[in-house]
Structures are given as C-alpha cells and as structure tokens.
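Below is one structure, written out as structure tokens, with a few remarks after it.
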Amino acid sequence: MAGFQHNKNNHLSPGTPSHAPISEINVTPLVDVMLVLLIIFMVSAPLMQQGIQVSLPKTKSPALDEQEKAIVLVIEKNGSTNINGREISAADLGSKLRAIYETREKKEIFIQADRSISYGTVANVMATVQGAGISKIGLVTEPKDR
C-alpha cells in the first residue's frame, strides 16, 4: 500500500510503502455471487417441483389399450380343456385360439395341466397352440415345498 508505513505500535500509518502482505479477504464478490445463486435457485426450485402447465392438443385417436388379460389354457385330469373357465373341445381348440389371438398384440398363453396328465397329451395341446400362431407358451406350476 503506497504512502503507508509501520509505526512503533506496528500499525500502518501514512508515509513510506510497506511490503507486508494483507491478511484480509475481500468478501464482497463472494457475497454477490452467493446472492445471485440464491435468487436463481429460489426462482427455479418451484418450477422443478410443479412443472409447467401445458395445454395439450385434442385428437380423435383412440386411447392406448390397457394391458391385455392373460389367457390360461387348463388341461384337466380327464383330458378336457378350457380357456379362462370356458370348456373347449379338443377339435375346436385350434380355431378358438386363432379367433381369440387374431386381434391380440401379444401372442402368449399359459398352460396349466394336471399332474396326472400324460406328457403326450400336453405335447399335443402345445402343438395345437403353436399351430394357432401363438409364439410364447408358459407352463404354470406350483412352487416346491422346502
């Protein structure tokens, strides 16, 4: 600081320059930056929580379909089959499945067969299901007791 010198009490006084470093930090720029950041966050915080209201256009398109209900094909002890509780003869099974899955987007079915049914009967039903154009077949089981 030009024009100041140390006196006997080690205080700066007007006079010759001193080469001692200044130990005080100028906090004014820091306070200015912090106030600007505070204002920015105060303005932007409510927008992040509530969002911006937008007036959406109206169209005549249909609403999106809800998730399709799963189809369960049950093979009972006596060999009869039913789809979601409705009994279907073995001869009509392929045509009924084609009619059901004609408009469905997901081509998947779950087969629930009785434990005592032979493997050949389940395989024949699975072949009929695949012949009807259903690509995903799931077998329903019960969890094993531990």
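What nm value, rounded to one decimal, do you get for the distance between THR121 and LYS69 when each label is placed 7 Å out toward the C-beta?
2.6 nm
Please list, or write none, the lysines whose alpha carbon is within less than 27 Å of the alpha carbon of LYS136, excluding same-chain residues fewer than 8 places away.
Reachable lysines: LYS69, LYS77, LYS96, LYS106, LYS107, LYS144.
Write down the percent of antiparallel bridges among all DSSP beta bridges whose residues are both part of the stretch 72-139, to the nearest 5.
Numbers: 6 of 14 bridges.
Rounded to the nearest five, the antiparallel share is 45 percent.
In the stretch 72-139, if every C-alpha pair distance is counted and binned at 5 Å from zero, what percent goes to each bin?
Going from the shortest bin to the longest, the percentages are 4, 18, 33, 28, 13, 4, 1.
Bear in mind these aren't lab numbers, they're just calculated from the coordinates by the rules spelled out. Since the structure is predicted, the reported quantities are computational estimates derived from the model, not experimental observations. Virtual Cβ from ideal backbone geometry, glycine too; neighbours counted across all protein chains shown.
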